[in-house]
Amino acid sequence: MERSEAYGFSAVMSGAFLLSCLLFAAINRRQRGPYMDEVFHVPQAQAYCHGRFLQWDPMITTLPGLYLVSVGVVKPAAWLFGWTGSVVCSAGMLRFINLLFSAGNFYLLYLLLSKIHQKNKAVSGFQRILSTLTLAMFPTLYFFTFLYYTDPGSVFFTLFAYLMCLYGNHKTSALLGFCGFMFRQTNIVWTVFCAGNIVAEKLNEAWKTELQKKKDEKISSRKGSFSDLIRILQFLIKYLISPKNLVMLTALTWPYIVLVTVFFGFVFINGGIVVGDRSSHEACLHFPQLFYFLSFTVFFSFPHLLTPTKIRKFLLSLRKHPVQYSLITVISLFLIWKFTYVHKYLLADNRHYTFYVWRKVFQRHELVKYVLVPVYIFAGWSFADTLKSKSIFWILMYFVCLLAVTVPQKLLEFRYFILPFLIYRLNIPFPSLYRQLLELAFYIVVNAVSFYLFLNRTFQWPNSEEIQRFMW
């Protein structure tokens, strides 16, 4: 990092943290008590603060990583500053833990952008800092910086694990992956993703050698061909059934293999992936979740994905491959018909934006979910098009992880899209400065509207005096 870039990064990060602190103070003045899922998280953390580590709320579905970290930070701070009484583990103090995680995420996002795009010399320090600020302000994540939820900590440890993986510190990466798993069990998928990075790199090296033998140097130009996809799959099978290759890959990824083994042991002993209340978190094959995620990504990355050039290229692709797109359309319609699930929380809780998305869009008519298939296909094509700079093996690996982390979820919940979105956004090529500024401006507007609604547009349910607020 050059000195001018270091100064610029420090100034932007400090300014963003100061702004977050001011917003944090405003939110805590308006909402002093626990709200929504905090009703479960805050008392559980307070029980740990008082040394009651065997006490557990059966309504909590995640492991106790958040509470353990909170106690590990708050207790020493209380001793150091002489805090006593209820302030030590108050809702406000516990929420501040996530503000610290948010600062850590800011730094990690910068390091990841620098590492992933280190070969792109055309990217300036200003662009790296601007992209970091934009991703740190990503609305769905930024909102939960100010509440006591697992998301900021879950993102922190997962991004940290990814960074260590990219630097080749795989034992450290696996350890951080375990910390992420302790915040949210589905983060084990991103441990597999880290291992997959190593495997994809080795596969790509072997694939290049294979192509050189056949005097075929153009790798990326064949990604869209069905015959070459078959060829790649044949290569994959041949490579992965080789004992020599399997031993080599095992030697490289053993820390992740150990962690995944621990995960399966946990699932066996626990009788499932969810702890606590399992009735509302049943796994299912909810394939439309992938379509929702792609739509979500287009919405939040529209400066990169929804451009006239992209639309023209998509229409050209439609004209060139009508049979393939017809087949994709039929498969999409079938998946929506047979595998659409509507969680009871989605229909009942009018505090979440997803409630209004579902009611205003999907519940207008039974055919709406089918009519949206062309939108999903464009979103999927545009999504894949922005990743064409990555190797085919990286794309396959990421897509498998994306399916694993979205499809089993019955509940449509935007928080579940945070990590797959961030990893996608980190890996696409740097856009133009204009598009970066447009993306940042859009995030700022969305955040401003979200916090305005949360703070000022309160409402009450019938037969209840409790104040309700809109949120992600």
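Probe radius 1.4 Å, ligands and nucleic acids ignored: give me the carbon and sulfur share of the accessible area of the chain as a rounded percent. Roughly 67 percent of what the probe reaches on the chain is carbon or sulfur. The Cα atoms of the chain cover 73, 52, 52 Å along the three principal axes, with the biggest extent listed first. In a reduced charge model with +1 at each Lys and Arg Cβ and -1 at each Asp and Glu Cβ, the chain shows a dipole moment near 1360 debye about its Cα centre. The Glu201 and Asn463 beta-carbon pair, evaluated with R₀ = 56 Å, returns a calculated FRET efficiency of approximately 0.45.
Averaged over its residues, the chain has an accessible area of 49 Å² per residue, based on protein heavy atoms and a 1.4 Å probe.
For the residue pairs Lys115/Lys208; Lys214/Lys238; Lys338/Lys369, alpha carbon separations beyond 20 Å are given by Lys115/Lys208.
May I ask you to list the GluC sites (Glu not before Pro) in segment 183-217 that are in a DSSP loop and have at most 15 other Cβ atoms within 10 Å of their Cβ?
In loop regions of segment 183-217 (DSSP not H, G, I, E or B), the sparsely surrounded GluC sites (Glu not before Pro) are Glu217.
Between Ala251 and Tyr341, the contour length at 0.36 nm per residue exceeds the alpha carbon distance by 28.3 nm. Going by the alpha-carbon gyration tensor, a ≥ b ≥ c the square roots of its eigenvalues, is segment 282-431 rounded (a/c under 1.5) or, if a/c is not under 1.5, prolate (a/b greater than b/c) versus oblate? The shape class here is prolate.
Using the rule -39500 (n - 2.57) for each DSSP H run of four or more residues, divided by the residues of the chain, the 222 nm mean residue ellipticity is -22500 deg cm²/dmol.
So how much slack lies between Lys244 and Arg364, counting 0.36 nm per residue of separation and subtracting their Cα-Cα distance, in nm?
Full-extension gain reported as 37.5 nm.
Listed by chain and number, the aspartates and glutamates whose alpha-carbon sits under 14 Å from that of Lys360, ignoring those within fewer than 8 places in the same chain, form an empty set. From the square roots a ≥ b ≥ c of the eigenvalues of the alpha-carbon gyration tensor of segment 49-110, which class results: rounded (a/c under 1.5), prolate (a/b over b/c), or oblate? Oblate, since a/c reaches 1.5 and b/c is not below a/b.
The angle between the Cα long axis of helix 3-30 and the longest principal axis of the Cα atoms of the chain comes to about 50 degrees, rounded to the nearest 10. Model label sites at Leu318 and Arg30, defined 7 Å from Cα along the beta-carbon direction, differ in position by 4.2 nm. Per-residue extension of 0.36 nm, minus the Cα-Cα distance of Arg52 and Val258, leaves a gain of 71.1 nm for this segment. Is segment 93-220 best put as rounded, prolate or oblate by its Cα gyration tensor, with a ≥ b ≥ c the root eigenvalues, rounded for a/c under 1.5, and otherwise prolate when a/b is larger than b/c, oblate when not? In terms of gyration-tensor shape, oblate.
The values are calculated or read from the model by the stated rules, or taken from the named source; none is laboratory data. None of these values were measured; they are calculated from a predicted model. Here the Cβ is made from the backbone with ideal geometry for all residues, glycine too, and neighbour counts use every protein chain on show. The protein model used for the area step is the full one, side chains on, heavy atoms only, and it has no ligands, DNA or RNA in it. Shrake-Rupley method; radii C 1.70, N 1.55, O 1.52, S 1.80 Å.
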